[in-house]
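Heads up, the thing below is written out as structure tokens.
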Amino acid sequence: MRYETPGSIESAVALLAQEKGRAYVLAGGTDLLVRLRGGYIEPDLVVDVKRIDSMRKITAEGGGFRIGAAVPAAELGEHPGVRKLWPGVVEAVELIGSKQVQGRATMVGNLCNASPAADSVPAMVAAGAIATIVGPSGKRNLPVEEISTSPGKTTLAKGEIVESILLSARPPHSADAYLRFIPRTEMDIAVVGAGVSITLDDKGVCKAARVALGAVAERVLLVGPAADALIGSKLDAAALDKLAAAASAACRPIDDKRGTKEFRIKVAGVLARRAATIALERARKS
Amino acid sequence: MSQVHVTAKINGDTTEYLCEADETLLDVLRNRLGLTGAKEGCGTGDCGACSVTLDGRLVCSCLVLGAEANGRDVRTIEGMAHGETLHPLQRKFLEHAALQCGICTPGFLVAAKALLDKNPDPTETEIRYWLAGNLCRCTGYDKIVRAVQDAAAEMRKG
């Protein structure tokens, strides 16, 4: 295995594109090193992107924030601007693993590891986050929900790297929230995760919404009908009932020891409703 | 496989070593540098027995490559006491008998110090959540939490 620490994204892309063997990007390493040490992968090349300055930063952009792919969860959680603008994304990131894991794990790593149960992904999808991808043929932007296709699989081509995530500016009275169900209080993998982002008008009517669910399908789902249930309402009981029903209807989960199919479908509705209620309280104050 | 040459600050001392590209920082500390305080419990980032700080950030050294430490500042349990003088956390762990077999103890101490460096007056809930990534199979966690609270109180008095 070769270990490389390029100083620019262009040289990182070139290393990955030119490698004939198995090449992996190393950001926080909290998934990659487990697979490496467990013998599940045998890389010929590992490209550490943490020496690329632009990928280590959180920068203000157009009223929102651009999060570099090598920014660890702990650093994101310490950023007052991101916490204020996108509290749901930050609370999702802060549910990933332990404090030790959060010292290393990155949001982009969580995205590209392509687990349907990744905590930060439903929150990012609800937030309408955009991934900036750099590859041999240049730069492109892609909504985060179009990155993962199934467990461990992404739409990224050979040599492509997600450089950063853009969390955009928000109109007034906007907020988001993320909730997950696990059988313990900490340090577990989501049985169901739900991210909700809403914008209210001056009268408190919901004018925009996005709802995303994790761990209930082969990838994180953006659930249009669940968002439609909220738009035009004041998130009253009837709208929340419709939201919960639409969220449950979108699920096609696995059935395993951590949660039965029936349980996951039910809980997806419950969590979507609760996350929407939290987002509503936050939006009223923002 | 060619080895990687690394220069890192370890507990304040500039240290040079050669390691394999796929070797973890934990294995480098234990097998090449003789710093055997950090332990391998799980090797997957679940147990926290290998906790160290990397540029001041609490991490599992089993999930860091030795090569990644080049130019970085690594702090381990071996750097916690000043000579013969134990850190207040170490003293309080002894006073409260907050350990039995001791395998998890270096990780708990490094993690608890990282918490108190950031938050000198944590609530019990904050301590328990912060230490959720450190597993102990002997004592239960109560004495550990009491020891951290007691050390924090003493350190706040200065």
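Could you give log10 I(q)/I(0) at q = 0.27 Å⁻¹ for the stretch B:8-58, computed by the Debye formula over C-alpha point scatterers of equal weight, without solvent? Taking Cα atoms of the stretch B:8-58 as identical point scatterers yields -1.28.
The phi-based Karplus calculation (6.51 cos²θ - 1.76 cosθ + 1.60; θ = phi - 60°) puts the 3J(HN,Hα) values of the stretch A:34-47 at 5, 5, 5, 5, x, x, 6, 10, 10, x, 8, 9, 10, 9 Hz, whole numbers, x for Gly and Pro. Other residues whose C-beta falls under 14 angstrom from the C-beta of A:S174 contribute a net charge of +3, scoring Lys and Arg +1 and Asp and Glu -1.
For A:K20, the lysines whose Cα comes closer than 19 Å to its Cα, not counting residues fewer than 8 places off in the same chain, are A:K158.
On a C-alpha basis, how far is the centre of the stretch A:210-252 from the centre of the stretch A:187-204 in Å? Whole number, if you could? Using only Cα atoms to place each centre, the spacing works out to 10 Å. What is the calculated FRET efficiency for A:K257 to A:D236, with r their C-beta to C-beta distance and R₀ = 25 Å, to the nearest 0.05? In this case the efficiency is close to 0.10.
Stokes-Einstein diffusion coefficient for chain A at 37 °C in a medium of 0.692 mPa s, Rh from the Kirkwood formula over Cα pairs: what value in µm²/s? Walk me through the intermediate numbers first.
Working: Rh = 19.1 Å.
The estimated diffusion coefficient comes to 172 µm²/s.
Taking label positions 7 Å along the Cα-Cβ direction at both B:A153 and A:D228, the computed distance is 6.0 nm, reported to one decimal.
So what does the Cα-only Debye profile of the stretch A:1-48 read at q = 0.21, 0.23 Å⁻¹, as log10 I(q)/I(0), no solvent term? These q points yield log10 I(q)/I(0) values of -0.68, -0.80.
Three semi-axes describe the equivalent ellipsoid of the stretch B:88-157; taken as square roots of 5 times the Cα gyration tensor eigenvalues and ordered largest first, they are 17, 13, 10 Å.
When the Cα convex hull of the stretch A:174-285 is projected onto planes of every orientation, the mean area is 6.6 nm².
Model label points for B:T85 and A:E78, set 7 angstrom from Cα along the Cα-to-Cβ axis, are 2.7 nm apart. Per the Debye calculation on chain B with a single equal scatterer at every Cα and no solvent contribution, log₁₀ I(q)/I(0) for q = 0.15, 0.17, 0.18 Å⁻¹ amounts to -0.76, -0.95, -1.05.
Helix A:261-285 and the long axis of chain A differ in direction by around 80°, with both axes built from C-alpha atoms. Helices in chain B that qualify as membrane-span-like (whole DSSP H runs, Cα extent of at least 18 Å along the helix axis, mean Kyte-Doolittle hydropathy of 0.5 or higher) are B:105-118.
The residue list A:V125, B:C104, A:A237 was ranked by how far each Cα lies along the charge dipole of the protein assembly as shown toward its positive end, using unit charges on Cβ atoms, and A:A237 comes out on top. The long axis of helix A:237-250 is offset from the longest Cα principal axis of chain A by roughly 40 degrees. Computed about its Cα centre, the charge dipole of the protein assembly as shown is approximately 940 debye, with only Lys, Arg, Asp and Glu carrying charge at their Cβ. Quick check: Cα centre of the stretch B:121-136 to Cα centre of the stretch A:165-181, how many Å? That distance is 28 Å. Legend: distances between Cα atoms for B:K118/B:K143; B:K9/B:K118; A:K153/A:K261; every pair falls at or below 25 Å. Within a Cβ distance under 12 Å of B:G79, other residues only, what is the Lys/Arg minus Asp/Glu net charge? Taking every Cβ under 12 Å from that of B:G79, the sum is 0. Summing Cβ point charges (Lys, Arg +1; Asp, Glu -1) relative to the Cα centre of the stretch A:1-48 gives a dipole of roughly 160 debye. Our estimate of slack between A:T277 and A:D201, defined as 0.36 nm per intervening residue step minus the Cα-Cα distance, is 25.7 nm.
The stretch B:44-82 and the stretch A:102-143 have their alpha-carbon centroids 26 Å apart. The alpha-carbon of A:K234 sits under 12 angstrom from the alpha-carbons of these aspartates and glutamates, leaving out residues fewer than 8 places away in its chain: A:D201, A:D202, A:E281.
Find out how many positive minus negative residues lie around A:L280, taking Lys and Arg as positive, Asp and Glu as negative, among other residues whose Cβ is under 12 Å from that of A:L280. Here the count lands on +3.
Compare B:Y17, B:Y141, B:Y129 in a GNM of chain B, Cα atoms joined below 10 Å, and give the one with the largest fluctuation. Of the options given, B:Y129 has the highest mean-square fluctuation.
Every number in this text was worked out from the coordinates using simple rules, so none of it is lab data. Every value quoted in this text rests on a predicted model; they were computed, and no experiment measured them. Methodologically, a virtual Cβ is constructed for each residue, glycine included, from the backbone with ideal geometry; neighbour enumeration extends over all protein chains shown.
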